[in-house]
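Following: one structure in structure tokens, then a few remarks.
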Amino acid sequence: MKNQHAHIIQTAGSLFAQSGIRSNTTDDIAKHCGVSKNRLYEYFSNKDALVRKVVEVLISSIEQHLRISACIAPNAAMEMINYFRHVQDHCSQLTPRFIWDLKKYYPDEYKLLQQLKDDKVVPFIKQNLERGIAEGIYHSDINTNLVGWLYPWQLENAFEAELIYTHSRGELVRCINCLFLRGILNAKGDKLLPHTQQ
């Protein structure tokens, strides 16, 4: 039962990312999940409840990563790299179609994503910047308040904008991540980067 519940959430999230929320009916979702519509309604009273759960699961995953990231990273640079990897894992779900439908038709759920950014992500970035400065691996003159807000703003634009871009959204996010990290690291911090990041 739990596996089926999780499978429905994951499948619905993938469908919403591919073609938007509005264009996927509960019939479509049930068919892709290999369950009857009645079975789907045993888990979720309606499509709105399913959309809410998809967003909540996404937010929970990000929050969990933010909670443990400082504990598992030996330094601020590795903490940031781990966070970047987590963000890239969500690139396929946070598509412009999904975000646009949330913003237009599910404003409460869209607001939850905005609250995540304001209440969790921005403070996380700011705390990481302060950690890196204290460790002597980030530039000491960084305006942590401004730069802490700048990275999520760049990501938000990458996820929401229908860009005329010849490469994948994942590649765009990797480029943002690389430029951001290179901008905050000093020479000492640069030496800590794994070989793949250099």
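For Arg39, state whether it is without any contact (Cβ under 8 Å) to a residue 40 or more places away in the chain, outside any loop (DSSP other than H, G, I, E, B), closer than 27 Å to Gly132 by Cβ and of a type in the set (Lys, Arg). It is false that Arg39 is without any contact (Cβ under 8 Å) to a residue 40 or more places away in the chain, outside any loop (DSSP other than H, G, I, E, B), closer than 27 Å to Gly132 by Cβ and of a type in the set (Lys, Arg).
The helices (runs of 4 or more DSSP H) found wholly in the stretch 57-164 and carrying at least 1 residues that are modelled with pLDDT of 90 or more, open to solvent by 20 Å² or more (accessible area, probe 1.4 Å) and over 18 Å from Gln18 (Cα atoms) occupy 76-89, 107-116, 122-134, 144-160.
The residue of the stretch 29-40 that is least open to solvent (accessible area, probe 1.4 Å), among those that are closer than 14 Å to Gln10 by Cα and not aliphatic (A, V, I, L, M), is Cys33.
The values are calculated or read from the model by the stated rules, or taken from the named source; none is laboratory data. Values in this document were obtained by computation on a predicted structure and should not be read as measured data. Reconstructed Cβ throughout: ideal geometry from the backbone, glycine too, with neighbour counts over all protein chains shown. SASA here: full protein model, heavy atoms, side chains in, ligands and nucleic acids out. Shrake-Rupley method; radii C 1.70, N 1.55, O 1.52, S 1.80 Å.
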